[in-house]
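The values are calculated or read from the model by the stated rules, or taken from the named source; none is laboratory data. Note that this is a predicted model, so its numbers are computed, not measured. Glycine also receives a Cβ, built like all others from the backbone with ideal geometry; neighbour counts cover every protein chain displayed. With ligands, DNA and RNA removed, areas are computed over all heavy atoms of the protein, side chains included. Shrake-Rupley method; radii C 1.70, N 1.55, O 1.52, S 1.80 Å.
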Amino acid sequence: MIPQYELKAEDVRHCAIEKLKEYIPVEAHGYCCTTEMIFDVLLKASAECSSIEATCADLEGVADSNTIREYLNQAIEVKTLREREKQINTALASCIPETMERTGIE
């Protein structure tokens with residue numbers, strides 16, 4: 001029997017990108033780099049505890065890691081990085097249903 005409500009990876013990805021767009025004001029409309037591509041690289045890198053460099057090398061059809069870092073450096077000041085990280089984590093956690101266990105993971 002197929003569950004009535006099924007959470008798919010693409011749904012999670014879409015929700016995460018929409019939340020990230022609220023807190024990371026990066027926009028790329030180049031011929032080799034798009035805003036969606038930047039967020040896809042960030043999500044994959046964070047999910048795998050990897051670097052932007054390694055993630056870009058792993059994925060086909062994405063811009064060079066230096067290009068993505070350049071867009072991110074333009075959008076986020078280094079001195080506000082920790083505060084922005086807290087805001088993003090809080091925003092992403094707000095998407096988790098209240099019934100789901102909220103314990104930390106090492």
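Only one of the numbered conditions (1) exposed (fewer than 10 other Cβ atoms within 10 Å of the Cβ); (2) touching a residue at least 24 places away in the same chain (Cβ under 8 Å); (3) aliphatic (A, V, I, L, M) is not met by residue 38, and that is (1). Criterion applied to 47, 91 was being under 16 Å from the mean Cα position of the chain (by Cα) and touching a residue at least 24 places away in the same chain (Cβ under 8 Å), and the one residue passing it is 91. Taking first residues from region 54-69 that are more than 11 Å from residue 40 (Cβ to Cβ) and partners that are open to solvent by 70 Å² or more (accessible area, probe 1.4 Å), the Cβ contacts under 8 Å between residues at least 6 apart in sequence or on separate chains come to 65/53; 65/57.
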